[in-house]
Amino acid sequence: MTFSQYIPPQHKQDFKSGEVALVGAGPGDPDLLTMQAFRFIKQADVVIYDRLVSAEIMALLPENCEKIYVGKKQAEHRVPQEGINQLLVDHAQLNKKVLRLKGGDPFVFGRGGEEAQFLLRHQVACHIVPGMTAASACSSYAGIPLTHRQVAQSCTLITGNVQDNGALDLPWQTLNNAKQTVVFYMGIKSLPIITEQLIKAGRSEKTPAALIRKGTHSDQQVVKGTLNNLAELVKIHKIKPPSLIIIGDVVATFDEAELKNLGYLSPK
C-alpha cells in the first residue's frame, strides 16, 4: 500500500473535489473546533457523521450539504464499518468533497486509521484533521487535570467496550500505579468489571474517581466518588452514555470552592 495520496495536514492543501477529510469534531462544544476543522466543515458537499457530533457543530455545515448519519451505539451499528468505508469511497468517486465528521479525534478510538487505510487502498486522497479527544477536553471542563506534578506522572486512555463474548480483556496489572491516571471511554456498561478488576490488581478502593456525562455540553454532568462506589453512583445519578470515567488522585486536585473560583460548575 502506498501513502502517496495521504495529505499531511501541516501542508494546508485545499479541500478538493474527490477527496475525503477525516475531521475530529471534538467532544461537542463548537468553541473547541480547530480552525482547520472549521475550514473543512464549511466546504463540505456531503458529510458522513457520527452519533457524538453535536447539533451546534452540524449547524455549521453549508446549507446544501448532504447529511448521512452512520452513528453507532454499543452493539447497535446503524451502518457497519465496512459500509461506512464504502460510502466514503463512493461519494469521493462522485467528485464530491466528502467530510467524515467524528466526535473527538479520528485516531483515538474513532476507527479513523481503518477508514484512511481503506481510502488509500482505493486511491482516494484523504486529509486527517485532529480534534480534541474527550479525555483532555472533558476533564478540563470538569476541573480535573489528567497529570499533576507529584500526583500523576502518566495517563492511560482505554476503551471500556466489552468483546463479543462479554469479556473485558485488559492488562489490569499495568493500571495499578497510584501515580497514574486512567481514563475509560465507553465504559459505563462495563464499570462493575472495571472497578472489580482494578481493585483486584492492587489499585486502592479509595482512589478518587469521576464520571463525566456529556462533557463540554451545556448540560454536562460531573459526579465524583471513589473506585469502590463508582458503579453505585452510576445507578443513583442515572448516568448513561456518552460518559467518561476518570480514575486517579488527580480527581481530588481541586475542592468545591476552588472549582467555583475557576468558573466550573459544581458536580451534581
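Would you pick out the residues in segment 34-76 that are of a type in the set (A, V, I, L, M) and not in a loop (DSSP other than H, G, I, E, B)?
Of everything in segment 34-76, those that are of a type in the set (A, V, I, L, M) and not in a loop (DSSP other than H, G, I, E, B) turn out to be Met35, Ala37, Ile41, Val46, Val47, Ile48, Ala55, Ile57, Met58, Ile68.
List the residue pairs whose Cβ atoms are under 9 Å apart, where the first residue sits in segment 26-52 and is free of Cβ contacts under 8 Å to residues at least 40 places away in the same chain and within 21 Å of Ser218 (Cβ to Cβ), the second is part of a helix (DSSP H, G or I) and aliphatic (A, V, I, L, M), and the two are 6 or more positions apart or on different chains.
Pro30/Ile57
For segment 76-84, does any single residue satisfy the condition of being within 15 Å of Leu22 (Cβ to Cβ) and surrounded by 15 or more Cβ atoms within 10 Å (Cβ to Cβ)?
For segment 76-84, residues within 15 Å of Leu22 (Cβ to Cβ) and surrounded by 15 or more Cβ atoms within 10 Å (Cβ to Cβ): present.
Mind checking which residues of segment 189-205 are outside any helix (DSSP H, G or I), modelled with pLDDT of 95 or more and within 20 Å of Lys238 (Cα to Cα)?
Passing the criteria: none in range.
Does Ala55 satisfy the criteria of being surrounded by 15 or more Cβ atoms within 10 Å (Cβ to Cβ) and of a type outside the set (Ser, Thr, Tyr)?
No, not satisfied.
The values are calculated or read from the model by the stated rules, or taken from the named source; none is laboratory data. Quick caveat: nothing in here was measured; it's all calculated off a predicted structure. Positions of Cβ are backbone-derived with ideal geometry, glycine not excepted, and every protein chain shown enters the neighbour counts.
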